[in-house]
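The values are calculated or read from the model by the stated rules, or taken from the named source; none is laboratory data. Just so it is clear, the model here is predicted, and its values are computed rather than measured. No Cβ is skipped: glycine too gets one built from the backbone with ideal geometry, and neighbour counts run over all protein chains shown. Heads up: the accessible areas ignore ligands, DNA and RNA and are worked out on the full protein's heavy atoms, side chains in. Shrake-Rupley method; radii C 1.70, N 1.55, O 1.52, S 1.80 Å.
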Amino acid sequence: MTEHVLPKATASASATPGATPAPHAQGQPRMGRLAMASSIGTTLEWYDFTVYNIMAALVFNAVFFPSFDPLTGTILAFSTYAVGYISRPLGGMVFGHLGDRLGRRFVLVATLVIMGVSTGLMGLLPTYSTWGIWAPVALVALRFVQGVALGGEWAGAVLLSMEHGKPDERGRNASFTQVGPSCGTLIGTGFIAAVSAWLTPEDFQNWGWRIPFISSVALVLFGLWLRRGVEETPVFREMEEKKSTAKTPIKEVFTQHWRRLLVAGGSRIGSDVLYALVVVFTLTYVTTVLHLSRPLALTATMIGAACNAIAVPYFGSLSDRIGRKPVYIAGALLGILWAFVFFVLMNSAQPFAICVAVVVGLIIHAIMYGPQAAFVTEQFPSRVRYAGSSLAYTLAGILGGGFAPLIIASLYKSWGSTLAVSAYVTGALCVTLVALLVARETARKPLED
């Protein structure tokens, strides 16, 4: 990505719908730094979530739920994973309100710190053998705090780059935040793979699993340094100058923009469920069902995450040229097909086929994920854009990603067949298709004041 300095404009230009945002007094921040500042929060948070997901699939069933059989223990671990999604709407409401009242930048610093501290504490938790029932209780509590932070982070990170950038590049600029999950997944998976290779399986399960959690402090410090160098967005500064910020943005979203909230939230459900299948459940399926090696599952996930990170900005840019809906709908339709092909490749038990299943699945996910950030945030006017986007992101996250690993694992355990899992993924993607079909196209149109 080539960095460039955005053209200067008068202070009043940012108030004009679709106009180039005004620079701050010291000069417009470079898009390269904006992209990194926008993506670092979601990179950290998805690093944390990825570390948790992998440990839930590989370690937590023995460390925190040792009195159950392996698959049941995994289901219980995924139940605590769901807590991180259930708590997101609280973060969406609290930080969504603050983001529209106090500014995007203020919230982004707060959520970054909260996420890093809660993840670091996870790495210091005593296990079930030491604390008994209080160990999983503390795990659930920290997972809840993680979810609150992530619920407030996403919308602000998207708006940071989108509201600073050019109107005709909103899809690309908003997609910088969407690269974070792939980068976080890649870093987290790679780090765990390295630790697993360094330690014996016994040492990894006894204490090595703590290292990736504690190491997240490095990403927190880097993220804080990045975000200190980025000013508040021109859109929010203009609202402050005109004193047009919403007094009760959450109430305004529910009372005046609830239809947009349903559309924006519904558009996210399918991509979240597909991601849970391709990334989270793959680890369990490869190691527990197919009885293949952990490194194979981690390698497939890392390659897929790298391809996803490259593909997301491309499809975000493509949505700037041909529209959000055509790109998004194409991804959903391909996802329905891949929900069935995925298990055909998996059940071959061939390493190459498993890698193809994950890589193609994550590229299809990128087709939806690239335009998603711009599509969701563009549904709401500026005065409630943070609150509306946060609520859409977090409420859909419960129905989509939050319970998806638990539902997928439970369906497979109950039915003993992957067809039930594929049907569930298809149903979620159909919800997304309905939301997209009734939505308005937002590409190449000015942002609403």
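Per-structure values
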| item | result |
| --- | --- |
| Residue among Thr442, Thr432, Thr394, Thr377 that alone is more than 23 Å from Tyr285 (Cα to Cα), at pLDDT below 85 and buried (at least 20 other Cβ atoms within 10 Å of the Cβ) | Thr394 |
| Matching residues, region 299-320, being closer than 16 Å to Asp168 by Cβ, open to solvent by less than 20 Å² (accessible area, probe 1.4 Å) and of a type in the set (S, T, N, Q) | Ser319 |
| Pairs with Cβ under 8 Å, 6+ apart, first in region 241-254 and hydrophobic (A, V, I, L, M, F, W, C) and at pLDDT 75 or above, second assigned to a helix (DSSP H, G or I) and open to solvent by 30 Å² or more (accessible area, probe 1.4 Å) | Ile250/Met93; Ile250/His97 |
| Output for region 198-226, where each listed residue is surrounded by fewer than 16 Cβ atoms within 10 Å (Cβ to Cβ), of a type in the set (Val, Ile, Thr) and closer than 24 Å to Ser39 by Cβ | Ile214, Val217 |
| Index of the failed condition, Ser389 passing every other in (1) open to solvent by 10 Å² or more (accessible area, probe 1.4 Å); (2) out of contact with any Leu (no Cβ under 7 Å at 6 or more places or on another chain); (3) of a type in the set (Ser, Thr, Tyr) | (1) |
| Lone qualifier among Phe254, Phe281, Phe236 - being open to solvent by less than 10 Å² (accessible area, probe 1.4 Å) and over 19 Å from the mean Cα position of the chain (by Cα) | Phe236 |
| Hey, Ile364 on the phi < 0 side of the Ramachandran plot and buried (at least 24 other Cβ atoms within 10 Å of the Cβ) or not | yes |
| Residue within region 262-273 that is closer than 18 Å to Glu378 by Cα, open to solvent by 10 Å² or more (accessible area, probe 1.4 Å) and of a type in the set (S, T, N, Q) present | no |
| Any hit, region 128-137, residues being open to solvent by 20 Å² or more (accessible area, probe 1.4 Å), in contact (Cβ under 8 Å) with a residue 24 or more places away in the chain and either among the charged types (D, E, K, R) or at negative phi (or both) | yes |
| Selection from region 277-295 of residues that are of a type outside the set (Phe, Trp, Tyr), within 22 Å of Ala366 (Cα to Cα) and at pLDDT below 90 | Val279, Val280, Thr282, Leu283 |
| Pairs with Cβ under 7 Å, 6+ apart, first in region 359-383 and under 24 Å from Glu241 (Cα atoms) and touching a residue at least 40 places away in the same chain (Cβ under 8 Å), second open to solvent by 10 Å² or more (accessible area, probe 1.4 Å) and hydrophobic (A, V, I, L, M, F, W, C) | Glu378/Leu447; Gln379/Val263; Ser382/Val235; Ser382/Met239; Ser382/Leu447; Arg383/Met239 |
| Of all residues in region 138-168 being in contact with a helix residue (DSSP H, G or I) (Cβ under 8 Å, 6 or more places away or on another chain) and without any contact (Cβ under 8 Å) to a residue 40 or more places away in the chain, the one that is nearest to Val220 (Cα to Cα) | Leu142 |
| Search result, residues across region 397-429 that are modelled with pLDDT of 90 or more and among the polar types (S, T, N, Q) | Thr418, Ser422, Thr426 |
| Positions within region 321-359 being assigned to a helix (DSSP H, G or I), of a type outside the set (A, V, I, L, M) and open to solvent by 20 Å² or more (accessible area, probe 1.4 Å), in sequence order | Arg321, Lys325, Pro326, Trp338, Phe340, Pro351, Phe352, Cys355 |
| Any hit, region 137-158, residues being out of contact with any His (no Cβ under 6 Å at 6 or more places or on another chain) and not in a helix (DSSP H, G or I) | no |
| Failed item in (1) surrounded by 24 or more Cβ atoms within 10 Å (Cβ to Cβ); (2) part of a helix (DSSP H, G or I), with His164 passing the rest | (2) |
